[in-house]
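The values are calculated or read from the model by the stated rules, or taken from the named source; none is laboratory data. None of these values were measured; they are calculated from a predicted model. Because the Cβ atoms are built from the backbone with ideal geometry, glycine has one as well, and the counts that use them run over all protein chains shown. To get the accessible areas, we keep the full protein, side chains included, count just its heavy atoms, and leave off ligands, DNA and RNA. Shrake-Rupley method; radii C 1.70, N 1.55, O 1.52, S 1.80 Å.
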Amino acid sequence: MFKNYFKIARRNLARNKSYAAINIAGLAVGIAVCMVIFIIIQYQTSFDDFHAKKDRIYRVLTEYHHAESANISYGKDVPFPMPLGLKTGFPQVEEVAPVFASHDDQLILPDNNGTPVKEFKEQQGVFFAGPSFFKIFDFPLLAGSYASLKDPNNVLLTKEIAEKYFGDWKTAIGKTIKLQAGGYIFEHGTDILKVSGILATIPANTDFQLKLVVAFGTGFTGSYLAKSTDWDGTVADFGCYILLPPNTSVDNFNQQLRAYARKVESNVNKDSHIIQPLNAVHYDAEAGNYSSKTISHQLLNVLWLIAAFILLIACVNFINLSTAQAVNRAKEVGVRKVLGSSKSQLQIQFIIETFLIVTSAVIFASFVTLLALPYVNQLLELSLSFNVLSNPAIILFLFTVAIVVTALAGFYPSVVLSRFNPVNALQRKVTASTVKGISLRRGLVVFQFIIAQALIIGTLIIVQQMNYFMDQPLGFDKDAIINVPLRVDSVRISKMRYLRNELLTVNGVQAVSFSSNTPVENGSDMWSALRFNHAIKETDFKAITKFADNEYVPAYKLPLIAGRNLQPSDMTREFLVNEALLKSLGIKNPEDILNKELSIWGDEIKCTVVGVLKDFNDRSFRHDLAPLLITTDNAMYNQVGIKLATTNLPSTIQSVKKIFDQTLPDFVFEYKFLDEKIASFYKQENQLAALYKIFAAIAIFLSCLGLYGLASFMAVQRIKEVGIRKVLGATTGSIVCLFSKEFIILVVIAFVIATPIAWYYMHQWLQAYAFRINISWWLLTAGGLVAIIIALATISFQAIKAAIANPVRSLRSE
């Protein structure tokens, strides 16, 4: 019997090729979108899930209490003595692993005489850690031992890095590498490292994208981080992970940790510490992680919703077309019922037809997914793959989708078709107007366009917010400025003045400034508590501290509103402050702070204020303006900003590179334009905007596919009516209007419903940004107009085709 069902279903589909093609195409696109989103979510939720002790691994977070706003924020940085404090103060902790992630590191491979043979620059991937790190995390070794990291100046390389540096990773053990660590302001000489182990390929789904793991205790991590007793000292990428015994109460441990922090730390802000489970790290955008890639649970839920809605749109197309086609199947149903078919048998027949369509769509969707994933990988910078052999969850997902879609799309049409009265069906008394579900079809069309228009409006708002980020004045000059990272050491310091003078001789170089940070950073600034005007207590807020030379203000065109610029100096002598710092101190007149003393770092640095800068955006637009201090100190400068003329940029940069190569022969020259760096702050938002554009386009495509199918069916059903109207004098325009009016009304109804929904959720999304657009009425209207125009274009094709048809042919049989 079932063989017969499949045979009849196949013949019916072959007879109605256009109907089958529209349904298969619509379902395939919907299923492909679901498949891609499933693979993305599966990848994102698998981060660091492969560690055997994952349920007992935690990282220590610093809990910052902001007295001026009563807010609490969290950072992954910890005070320098924290790892040692955890070992001595919490003996129940099984393992404590301090971790420092370095940036912009230069690696030199010397020959037997110490002469550089090869030079490499690693912007990320150099970690300082000890053997305890590998007792917590599972990163397999191909050769060597983890225990070698007990001794300073040993390094583990990944297989890929070893091949990049030495050609064959098997010959790398015992080789020597010179490390010139960059990215931070700790002055230290070159470290001579010995390769003591080779790590296997690091999985893509981990936030520890290791390239080199240097023994903790090497270089400044030994001379400074491991020995510091300053509980107020920290840097952004110095963190700590711990392994707790089984069945440890996290709440109880956090209480003990807070009590310990109160005992050993004396900060007025009452900052504290808590532990965070490993499975929450990848989703914590506030504290961040070492891969600088996070994704929120809310965003994952939004992706699930988009997948479900797009699949629903595809199912709605199927339901609409199937019930509309019911008129053509009425006689068949009547004959089957007269010959003894029951309702259940007819329903099974139509369900099997649906299953065949869905199965074809799933196969087609698999090919679409294979073609789409490389583009998605490039867009989102991920490593996604569609491999059913290594990922059985994909097979289970496709099977589940096939069953669910068959049930969703096939149940209602099968019920409608199986309920036809055989007498009416055989007498051709079943027409489009008598088929139940016309109002349902209209409702489903409205539902489709609600989703499509909400996605269009949301995408427009996201794009507008991104444009706002790019176009909004930052308060300083960011155009045609390149930043070259430098390493802090005595050689670089001794050559700074010479390097500046040489760079200024290049035609096209307008200004040169050395500093610790650019005017705007995204989490790598230093924060300091401060004491104002010999006060007994430190302030209840912290300020960003930047170290920069006297050329910093003119190079970036930072406007002064009071006082003067810093004078040339190699040491800390004077402070510039911004308006936000004055506001935090309660000072209204900028002149009132001039010549007053500020001290930071436990009074290690004391300087008078000589100038007040107009507020500029020193962080991304997610954050409010922060209090800011700027002072000189050439030992802290780790980058040079070079302002260039906008003409002949390539030749100017080539001349700049030549000077760096001559002045610092062991230096790997790399640069980044400041405006590109600022744009990278919003990379995830831009990626999501591109993804939402695709989803919105797919949603409107599927909705219009359904409209096209319905309009085609209407054109066939009303062909005689159109012929009569034309004979009676109806114009082509009036017939097109007749066809289009009903559908356009449905799209307008969808717009009225979608607009407040889209506004509400996009308003909530915008609250994450301190600087944001207002949702203008024209953004909402534009989304509706786009949908209406596309829908009208879709319907008009069939409407015009019906209107210009010769009425003689349609009325010949009357």
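With the cut-off at under 16 Å, measuring from each backbone N in the range 545-574 to a point 7 Å along the Cα-to-Cβ line of D675 picks out 556-557.
Could you give the size of the charge dipole of the chain about its Cα centre, using +1 on the Cβ of each K and R and -1 on the Cβ of each D and E, expressed in debye and rounded to the nearest 20? If you can, show how the numbers build up before the last one.
On the way: 76 positive and 64 negative charges, 1109 e Å.
Dipole about the Cα centre, nearest 20: 5320 debye.
Putting +1 on Lys and Arg Cβ atoms and -1 on Asp and Glu Cβ atoms, find which of S513, G174, V362 reaches farthest to the positive end of the dipole of the chain. Final value for the positive-end residue is V362.
Given a Förster distance of 30 Å, report the FRET efficiency between S145 and N377 from their Cβ-Cβ distance, rounded to the nearest 0.05. Spell out each step's value before the answer.
Numbers: r = 35 Å, r/R0 = 1.18.
That pair, S145 with N377, gives E of 0.25.
Give the separation of the Cα centroids, the range 656-686 to the range 148-165, in Å. That distance is 26 Å.
Working value for the range 559-634: equivalent-ellipsoid semi-axes of 19, 15, 13 Å, each the square root of 5 times a Cα gyration tensor eigenvalue, largest first. Relative protection proxy for 574-586, 674-686, 551-563, 307-319, from highest mean packing down: 307-319, 574-586, 551-563, 674-686 (other beta-carbon atoms within 10 angstrom).
Once R0 is set to 25 Å, what does the formula 1/(1 + (r/R0)^6) return for the Cβ-Cβ distance between S223 and E163, expressed as a FRET efficiency to the nearest 0.05?
Details: r = 32 Å, r/R0 = 1.28.
Step by step, r from the Cβ atoms, then E = 0.20.
For the pair L109 and R258 in one chain, pulling the backbone fully straight at 0.36 nm per residue adds 49.1 nm over the alpha carbon distance. Taking 7 Å steps out from each Cα toward its Cβ at I72 and K657 produces label points 5.1 nm apart.
In vacuum, with every alpha carbon of the range 215-326 counted as one equal point scatterer, what does the Debye formula give for log10 I(q)/I(0) at q = 0.21 Å⁻¹? Two decimals, please. Those come out to -1.30, one per q.
The Kirkwood radius of the chain, taken over pairs of alpha-carbon atoms, gives through the Stokes-Einstein law at 25 °C and 0.890 mPa s a diffusion coefficient of 78 µm² s⁻¹. The accessible surface of the chain, taken with every protein chain in place and a 1.4 Å probe, is 58 percent carbon and sulfur.
In the context of the full set of protein chains, the chain has a per residue accessible area of 44 Å² (1.4 Å probe). Look at the dipole of the chain built from charges on Cβ: of I24, W304, Q256, the Cα furthest out on the positive end belongs to I24. Using Cα atoms only, what is the angle between the long axis of helix 438-471 and the major principal axis of the chain, expressed in degrees (0 to 90) to the nearest 10? Taking the Cα atoms of the chain, the angle to 438-471 is about 20 degrees.
With the simple spin-label model, which puts each label point 7 Å out from Cα in the Cβ direction, the N522 to H297 separation comes to 2.5 nm.
Shown is the FRET efficiency for N533 and R564, computed with R0 = 22 Å from the Cβ-Cβ distance and rounded to the nearest 0.05: 0.65.
Packing here is the average count of other Cβ atoms within 10 Å per residue, and on that basis the peptides 448-454, 27-33, 390-396, highest first, run 448-454, 27-33, 390-396.
Considering only M496, Q465, P83, and ranking their Cα positions along the charge dipole of the chain that arises from unit charges at the beta-carbon of Lys, Arg, Asp and Glu, the one farthest toward the positive end is Q465.
Which order, highest average first, do 219-225, 241-247 follow once you tally other Cβ atoms within 10 Å for each residue and take the mean per peptide? Kindly include the intermediate steps, with their values, before the conclusion.
On the way: 219-225: 19.9, 241-247: 15.6.
Taking the mean over residues of other Cβ atoms within 10 Å, the ranking is 219-225, 241-247.
Extension gain for L504-A768 works out to 90.8 nm (0.36 nm per residue, less the C-alpha to C-alpha distance).
Treating each Cα of the range 514-564 as an identical point scatterer and summing with the Debye formula, the log10 of I(q)/I(0) at q = 0.30 Å⁻¹ comes to -1.10.
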